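K.L.:
Next up is a structure, given as structure tokens.
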Amino acid sequence: MGEGIALQIETTRLRLREMTLEDAPAMGAIWGDAETMRWYPRALTREEIEEWIGRQMSRYPSGTGLLGMVLKETAELIGDCGPTWQEVDGVAEVEIGYHVHRAHQGRGYATEAARQARDYGFTELGRESVISLIRPENGPSRRVAEKNGMMLERVIFWRGYDHCVYRVQREAAA
Ligand SMILES: CC(C)(COP(=O)(O)OP(=O)(O)OC[C@H]1O[C@@H](n2cnc3c(N)ncnc32)[C@H](O)[C@@H]1OP(=O)(O)O)[C@@H](O)C(=O)NCCC(=O)NCCS
């Protein structure tokens, strides 16, 4: 990703765009919500959400990072999705992550965004495969991974919890 080029991914209903600290209040309704974050150690405070957005902003120049998920119809920020580098058993992998505001779940938005992020991983990042790391109990997220063409590869202990490694190969997604 060249200097000064904003990372942006379009889908039929969504625009995935780089976040700024101004997005902290909207992201607070997601990352600060205990129910949405039940598969994470805990919900984030406002300060932690700003740190988290700052971490994504530092990833953008290299063409990765979780992007704000904006509903084209209303311009509302309803979640995030995008590719990030994660180290899994000592191997650098591109992971597709997604989080959607509770009021907007179940409408296919995560799947729609994840498919484009997956293809971005193949075309722009040149990956042969991309993964998603998901707690075994997280049924909705596992379903999104399956709808994204991914298959369960193995279960690993990662960041203090068991995680399913879901993977899709470039040729399988074509
Ligand atoms: C995971 C998440 C992003 C999915 O977002 P979404 O926009 O609702 O996803 P989609 O609508 O594209 O797909 C959800 C699928 O899960 C299914 N689902 C819902 N509840 C489920 C459950 N308890 N068990 C299994 N599948 C379930 C839905 O039926 C749907 O599948 P379908 O289209 O075959 O009916 C959302 O639930 C979320 O933000 N969760 C909290 C954050 C999180 O855990 N993120 C993932 C971290 S790995």
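The values are calculated or read from the model by the stated rules, or taken from the named source; none is laboratory data. Model, not experiment: these values are computed from the prediction. Cβ atoms come from the backbone with ideal geometry, glycine included; neighbour counts cover every protein chain shown.
K.L.:
Filter the stretch 116-139 down to residues that are within 14 Å of T64 (Cα to Cα) and of a type in the set (S, T, N, Q) and give me whichever is farthest from the ligand (Cβ to nearest atom).
P.N.:
T123
K.L.:
Looking at G63, G54, G32 in this structure, which one is within 22 Å of Q116 (Cβ to Cβ) and among the small types (G, A, S)?
P.N.:
Just one listed residue meets the conditions, G63.
K.L.:
(1) out of contact with any helix residue (DSSP H, G or I) (no Cβ under 8 Å at 6 or more places or on another chain); (2) within 7 Å of the ligand (Cβ to nearest atom); (3) over 15 Å from L66 (Cβ atoms): which one isn't true of V91, the others all being true?
P.N.:
Among (1) out of contact with any helix residue (DSSP H, G or I) (no Cβ under 8 Å at 6 or more places or on another chain); (2) within 7 Å of the ligand (Cβ to nearest atom); (3) over 15 Å from L66 (Cβ atoms), the lone unmet condition for V91 is (2).
K.L.:
Moving on to the next point. Please identify the pairs in which a residue from the stretch 57-81 that is more than 17 Å from L125 (Cβ to Cβ) has its Cβ atom under 7 Å from the Cβ atom of a residue that is small (G, A, S) and crowded, with 23+ Cβ neighbours inside 10 Å, counting only partners at least 6 apart or on another chain.
P.N.:
That search, which allows pairs on different chains as well, returns M69/G79; M69/A113.
K.L.:
Okay, moving on. For Y166, indicate whether it is within 14 Å of the chain's Cα centre (by Cα), at pLDDT 95 or above, more than 15 Å from the ligand (Cβ to nearest atom) and farther than 24 Å from A29 by Cα.
P.N.:
It is false that Y166 is within 14 Å of the chain's Cα centre (by Cα), at pLDDT 95 or above, more than 15 Å from the ligand (Cβ to nearest atom) and farther than 24 Å from A29 by Cα.
K.L.:
Something else: When only residues in the stretch 26-49 that are exposed (fewer than 12 other Cβ atoms within 10 Å of the Cβ) and in contact (Cβ under 8 Å) with a residue 40 or more places away in the chain count, which is farthest from R135 (Cα to Cα)?
P.N.:
E35
K.L.:
Regarding L77, is this residue surrounded by 16 or more Cβ atoms within 10 Å (Cβ to Cβ) and within 13 Å of the ligand (Cβ to nearest atom)?
P.N.:
no
K.L.:
Checking D23 against (1) free of Cβ contacts under 8 Å to residues at least 40 places away in the same chain; (2) more than 15 Å from the chain's Cα centre (by Cα); (3) buried (at least 17 other Cβ atoms within 10 Å of the Cβ): exactly one of these is not met. Which one?
P.N.:
(1)
K.L.:
Restricting to the stretch 42-65, give me the number of residues that are more than 17 Å from the chain's Cα centre (by Cα) and under 22 Å from N138 (Cα atoms).
P.N.:
1
K.L.:
With the stretch 8-126 as the region, which helices (runs of 4 or more DSSP H) entirely inside it contain at least 2 residues that are among the acidic types (D, E)?
P.N.:
Once the helices (runs of 4 or more DSSP H) in the stretch 8-126 are filtered for at least 2 residues that are among the acidic types (D, E), what remains is 46-59, 109-123.
K.L.:
Across the stretch 95-114, what is the total count of residues that are more than 11 Å from the chain's Cα centre (by Cα) and more than 9 Å from the ligand (Cβ to nearest atom)?
P.N.:
Result for the stretch 95-114: 1.
K.L.:
Go through (1) more than 8 Å from the ligand (Cβ to nearest atom); (2) hydrophobic (A, V, I, L, M, F, W, C); (3) within 20 Å of I9 (Cβ to Cβ) for I156 and report which single condition fails.
P.N.:
I156 satisfies all of (1) more than 8 Å from the ligand (Cβ to nearest atom); (2) hydrophobic (A, V, I, L, M, F, W, C); (3) within 20 Å of I9 (Cβ to Cβ) except (3).
K.L.:
Looking only at the stretch 148-161, count how many residues are closer than 27 Å to P41 by Cβ, surrounded by 12 or more Cβ atoms within 10 Å (Cβ to Cβ) and not β-branched (V, I, T).
P.N.:
Here the count works out to 6.
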